[in-house]
Structure formats: structure tokens, C-alpha cells
Amino acid sequence: MQTDPDWLIDFRGVELRRGGNTLVGPVDWQVELDERWVIIGPNGAGKTSLVRMAAAEEFPTTGTAFLMGERLGKTDMRDLRAAIGISSAAVQHRIPDEERVFDLVVSAGYAVLGRWREEYLDMDFEHAQEILRQVGAEHLKDRTWGTLSEGEKKRVILGRALMINPELLILDEPTAGMDLGGREDLVGYLGELAMDADAPAIVMITHHVEEIPHGFTHAMILDEGRVVAMGLINTVLTSENVSRAFHQPIQVDRIGERYFARRAK
Ligand SMILES: Nc1ncnc2c1ncn2[C@@H]1O[C@H](COP(=O)(O)OP(=O)(O)OP(=O)(O)O)[C@@H](O)[C@H]1O
């Protein structure tokens, strides 16, 4: 079976099952390099399960999955993971509290936690410095991970994900726990990234349509493991589709480049 070289993600009939339950699927999904996807859906809809397969962290139980042209199960997962930047609660939980922020970011390219386990180049230090500046975390570089607030952690983990110059960037609730100002800063930054032609393909899970940065091109809505709608964002993020997924009348409005949702009267 072949995949299209333009597709970073190519899922065909992909399902993830555990203990007799289908967590997500079957899903057919293709993501191209210049696409920026948002995935929304109620708690337990299967969003994280889906992106864990896209992050080469899980194998599908059934179906065929290609990531960056390589078929999952037929290639070394470590090679794939080296090209995928991930910001998620699971990644956060693996970081020891005593890890220094700058070391955490600089070591990302070597897929290790801990600054002194590899040789680093001046270029790596400069790159890490620049990325921390971009995500608004330069002032945190000498702090240890365990001392950071939730929002500060989110910035740093995004920096670590970007440090490897990924082909695919996976963001599982990247703004969770952030205050309003911090969230708007990060949404603005992600919007700039989304508009950058050299940026990686992006797949972002969020609970709040208000957090979708401008420049995002596609959306998928999941409910109970199934795709309710997927495709171009403006055709998918409609009141009708969101109401169907959340089982209540929701009005979705687009104001400028941003989306807003509330329960319809
Ligand atoms: N290892 C597992 N074994 C059994 N069930 C699981 C396992 N992992 C997840 N689930 C279940 O699969 C469903 C989908 O979980 P998933 O984390 O993918 O949902 P989600 O859409 O990301 O949810 P949330 O918005 O709450 O983060 C949930 O009902 C969850 O309880």
C-alpha cells in the first residue's frame, strides 16, 4: 500500500481499541504540510487517542496509518518521533521537577531530558534562546520545571516541541491552565506560526473554539470516537455540527478571524 508524499498524516480506517472498547475510529484522515488542524469534541470523544497515534505514541488496532510517508508498524518509531514536536499533559508529566528550563529546551533535539548527556553546539544554545523568546519564556530559562506555573509550563513545553524543527507539531490543549492574557499571547503566537509558510503542519486539540488561532485551515469534530465533521474550518465549525457533537444547541459565531461559542437560547 502506498501513501501520497504530500501527506504527513494518512490514516485509513484507523481505530484504537482498548479492553473491548473503541476509543476512536474508524477514521480516514489526511493532513498536508501546509494544513493547520484543530480537533474539538466533548470529554472522552477520542481526541487524545487520535493524536497519540498521529504522534507515533500508539499503534492503531486496525486500519493503516502512515506518518511522513512511513507506515506505522513497519518503521522505527524513534525515527518518526524525532520529526514530531508534541505539547501534551503526558509529555509534561514525564519531566522531573529539578530539570532546568533552558536544558529542557536545548536537549529536545537529542530526545533526552537533561542537559549534560550529549554534546551541544553553540547553534543549539542560540536556537533554544530564540525559541524561548518566541514563546515568551526567555525570563524562565534558569528556573527549574517544578517551580513553574501551569501556564509557564505550557510555554516551555511548546518551546521544547519547536526546538527539534518538527515536520509535524501536535498540541494537546496547549493553552489549558493559562490566564486570559497568557492565552491570548499564545494564541497570537500560534496564529503567526500557522501563517508561516515554513512552519510545520499543526494539529491542535482544544476544548474552546475561542482558542483557535487565526490561520488554522481545517477542523475535525469528534463525538464518542466518531467523526461528526471534518474538512475546511469554516465549513466544519458550524452551529449545527458543534450542537450535534455536544448534544445541545450551541451557537458558533465567527468574529473577524476568531470563533466564539455559547449555548443557544
Ligand atoms: N487505556 C485505556 N483503556 C480504556 N479506556 C481508555 C483508555 N484510554 C482512554 N480511554 C477512554 O477512551 C475514551 C477517549 O479518551 P480520550 O482521552 O481519547 O478522549 P478525549 O476526547 O481526549 O477526552 P478529554 O477531552 O476528556 O481529554 C474515554 O472514554 C477514555 O476514558
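The values are calculated or read from the model by the stated rules, or taken from the named source; none is laboratory data. What you are looking at is a predicted structure, and each value in this text was computed from that prediction instead of being measured. Reconstructed Cβ throughout: ideal geometry from the backbone, glycine too, with neighbour counts over all protein chains shown.
Restricting to segment 230-257, give me the number of residues that are exposed (fewer than 13 other Cβ atoms within 10 Å of the Cβ) and in a helix (DSSP H, G or I).
Residues in segment 230-257 being exposed (fewer than 13 other Cβ atoms within 10 Å of the Cβ) and in a helix (DSSP H, G or I): 3 in total.
Per-residue answers, yes or no, for (1) surrounded by 18 or more Cβ atoms within 10 Å (Cβ to Cβ); (2) part of a strand (DSSP E or B); (3) not assigned by TED's automatic domain parsing to the domain that holds ARG160:
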| position | (1), (2), (3) |
| --- | --- |
| PRO5 | no, no, yes |
| LEU8 | yes, yes, yes |
| ARG17 | no, yes, yes |
| VAL38 | yes, yes, yes |
| ARG52 | yes, no, yes |
| ALA65 | yes, yes, yes |
| LYS74 | no, no, yes |
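Mind listing just one residue for me: the one in segment 40-50 that is at negative phi and not in a helix (DSSP H, G or I) and, of those, farthest from the ligand (Cβ to nearest atom)?
Among them, the one singled out is ILE40.
Let me spell it out: the conditions are (1) in contact with a strand residue (DSSP E or B) (Cβ under 9 Å, 6 or more places away or on another chain); (2) within 16 Å of the ligand (Cβ to nearest atom); (3) not hydrophobic (A, V, I, L, M, F, W, C), and GLY19 meets all of them except one. Which number is the exception?
Answer for GLY19: the failing condition is (1).
Only one of GLY188, GLY231, GLY177 is modelled with pLDDT under 95 and more than 22 Å from ALA90 (Cβ to Cβ); which?
GLY188
Could you say which residue among VAL252, VAL187, VAL209 is β-branched (Val, Ile, Thr), more than 20 Å from the chain's Cα centre (by Cα) and more than 26 Å from ALA56 (Cβ to Cβ)? Even if it seems obvious, please write down each step before you answer.
Details: VAL187 fails: more than 20 Å from the chain's Cα centre (by Cα); VAL209 fails: more than 20 Å from the chain's Cα centre (by Cα).
Sole residue among the options that is β-branched (Val, Ile, Thr), more than 20 Å from the chain's Cα centre (by Cα) and more than 26 Å from ALA56 (Cβ to Cβ): VAL252.
Which of the residues spanning segment 22-36 are near the ligand (Cβ under 7 Å from one of its atoms) and buried (at least 24 other Cβ atoms within 10 Å of the Cβ)?
Scanning segment 22-36 gives a single hit, VAL24.
Could you give me the residue pairs with C-beta distances under 7 Å whose first residue belongs to segment 7-23 and is of a type in the set (Ser, Thr, Tyr), whose second residue is within 16 Å of the ligand (Cβ to nearest atom) and assigned to a strand (DSSP E or B) wherever it lies, and which are 6+ apart or on separate chains?
THR22/GLU15
Considering ALA83, ALA89, which residue is within 14 Å of the ligand (Cβ to nearest atom) and touching a strand residue (DSSP E or B) at 6+ places or on another chain (Cβ under 9 Å)?
Testing whether each residue is within 14 Å of the ligand (Cβ to nearest atom) and touching a strand residue (DSSP E or B) at 6+ places or on another chain (Cβ under 9 Å) leaves just ALA89.
Does PHE260 count as in contact with a helix residue (DSSP H, G or I) (Cβ under 7 Å, 6 or more places away or on another chain), surrounded by 12 or more Cβ atoms within 10 Å (Cβ to Cβ) and of a type in the set (Phe, Trp, Tyr)?
Yes: the conditions hold for PHE260.
What single numbered condition from (1) within 16 Å of the ligand (Cβ to nearest atom); (2) under 21 Å from ARG133 (Cα atoms) fails to hold for GLU184?
(1)
Six or more apart or on different chains, Cβ atoms under 9 Å: show the pairs whose first residue is in segment 129-152 and on the phi > 0 side of the Ramachandran plot and at pLDDT below 95 and whose second is buried (at least 20 other Cβ atoms within 10 Å of the Cβ) and assigned to a helix (DSSP H, G or I).
Note: pairs meeting the criteria are GLY136/ARG155; GLY136/LEU186.
Please work out if VAL156 is within 23 Å of SER239 (Cα to Cα) and of a type in the set (A, V, I, L, M).
So VAL156 does not fit the description; no.
Quick check on this structure: which one of GLU119, GLU57 is at negative phi, within 16 Å of the chain's Cα centre (by Cα) and not in a strand (DSSP E or B)? Outline the logic, then answer.
On the way: GLU119 fails: within 16 Å of the chain's Cα centre (by Cα).
Only one candidate qualifies: GLU57.
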